[in-house]
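Engineer: Pasting in a structure now, in structure tokens, and then I'll have a few things to ask.
The values are calculated or read from the model by the stated rules, or taken from the named source; none is laboratory data. Worth saying up front: this structure is predicted, and the values here are computed from it rather than measured. Every residue, glycine as well, gets a Cβ built from its backbone with ideal geometry; the counts of neighbours run over all protein chains shown. Please note that ligands, DNA and RNA were not included when accessible areas were found on the heavy atoms of the full protein model with its side chains. Shrake-Rupley method; radii C 1.70, N 1.55, O 1.52, S 1.80 Å.
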Amino acid sequence: NSNNYMILCSICIRGGSKGVPKKNIRMLNGNPLLFYTIDCAKKAHGFDDIVISSDSDEMLEIAQQLGAEKIIKRPDHLASDTSSKWDVFIHLVEDYEAKTGLTVDYLVDLDVTVPLRKPEHIEGAIKMMLDNDTDVVITGYEPERNPYFNMMELSDGKYATMVKKTDKPIVRRQDAPVVFSLTPAVYVVRKEALYQFKHWSEARCMIYEIPRQNAVDIDTEFDFKLVEFLMQNNNTNG
């Protein structure tokens, strides 16, 4: 990090997970899932330190075995399914500042469930934050579905209507406004924004676009199989 800002990279892991049990340490193509995010963080440039936050001693121990040096134990009330990531970020930043005496300017959070992100995606998202007057930069990709064109919602529980209605129906996908599907591959937030807004969606956001194949977020067994397939067939380089 060559600018004068203190930029902290965080990797937040919970012990529990409903969709894929203990998925953070599940083996994926020969390594625990967590390995890929720690490895990517270590290869990326642009931040000053890396810290792992978890409610689980087991997860923190495994993170250290995988090369993570700094760990923060997260209180249980920030580890439930309903905990806001925003609150987790505030705890992590304040704990880190108290322990180090440093003042964090930006947080760069990497979600363990996106193992195919690349170091240049982290660096690009940080650069977008530093080059613009914004609060949050989040990675996204152009999805195969568009709410103006081929997505519907049930308005009365029975009949479906377009999610985004326009005065004149959009008949060609190319004519629909560009939308992005978010992926938590990289999430850069200005620390002050954590205190100014209750949720990131209230803040000024910019999207850093990454390729679809690098953006897969492991939420289900299907996602796990998809990522394994991409890794084994080396289909992650665009």
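Engineer: Give region 171-223 a look and list any residue that's among the aromatic types (Phe, Trp, Tyr) and in contact (Cβ under 8 Å) with a residue 60 or more places away in the chain, or say none. It would help to see each step written out before you state the result.
Structural biologist: Step one: filter region 171-223 for residues among the aromatic types (Phe, Trp, Tyr), giving 180, 187, 195, 197, 200, 208, 222.
Hits for region 171-223 are TYR187, TYR195, PHE197, TRP200, TYR208.
Engineer: Yes or no: VAL108 open to solvent by less than 10 Å² (accessible area, probe 1.4 Å), in contact (Cβ under 8 Å) with a residue 40 or more places away in the chain, aliphatic (A, V, I, L, M) and part of a loop (DSSP other than H, G, I, E, B)?
Structural biologist: Answer is no for this residue.
Engineer: A follow-up question, please. Across region 170-206, what is the number of residues that are basic (Lys, Arg), over 14 Å from ILE138 (Cα atoms) and open to solvent by 100 Å² or more (accessible area, probe 1.4 Å)?
Structural biologist: Qualifying residue count for the region: 2.
Engineer: Right, next: Do you know which residues across region 131-152 are open to solvent by less than 30 Å² (accessible area, probe 1.4 Å) and of a type in the set (Ser, Thr, Tyr)?
Structural biologist: Once the filter is applied, which keeps residues that are open to solvent by less than 30 Å² (accessible area, probe 1.4 Å) and of a type in the set (Ser, Thr, Tyr), region 131-152 yields THR134, THR139, TYR141.
Engineer: Could you identify the single residue in SER181, SER201 that is at pLDDT below 95 and either touching a Phe, Trp or Tyr at 6+ places or on another chain (Cβ under 7 Å) or within 27 Å of MET6 (Cα to Cα) (or both)?
Structural biologist: Details: SER181 fails: at pLDDT below 95.
Matching residue, one of SER181, SER201: SER201.
Engineer: Also, I was wondering about something else. Out of all the residues in region 111-123, which are crowded, with 19+ Cβ neighbours inside 10 Å and either assigned to a helix (DSSP H, G or I) or of a type in the set (Gly, Ala, Ser) (or both)?
Structural biologist: HIS121, ILE122
Engineer: Let me ask something else. Return yes when ASP167 is free of Cβ contacts under 8 Å to residues at least 60 places away in the same chain and either outside any strand (DSSP E or B) or open to solvent by 90 Å² or more (accessible area, probe 1.4 Å) (or both) and no when it is not. Reasoning before the result, please.
Structural biologist: On the way: free of Cβ contacts under 8 Å to residues at least 60 places away in the same chain: yes; either outside any strand (DSSP E or B) or open to solvent by 90 Å² or more (accessible area, probe 1.4 Å) (or both): yes.
Here the answer is yes, as ASP167 does meet what is asked.
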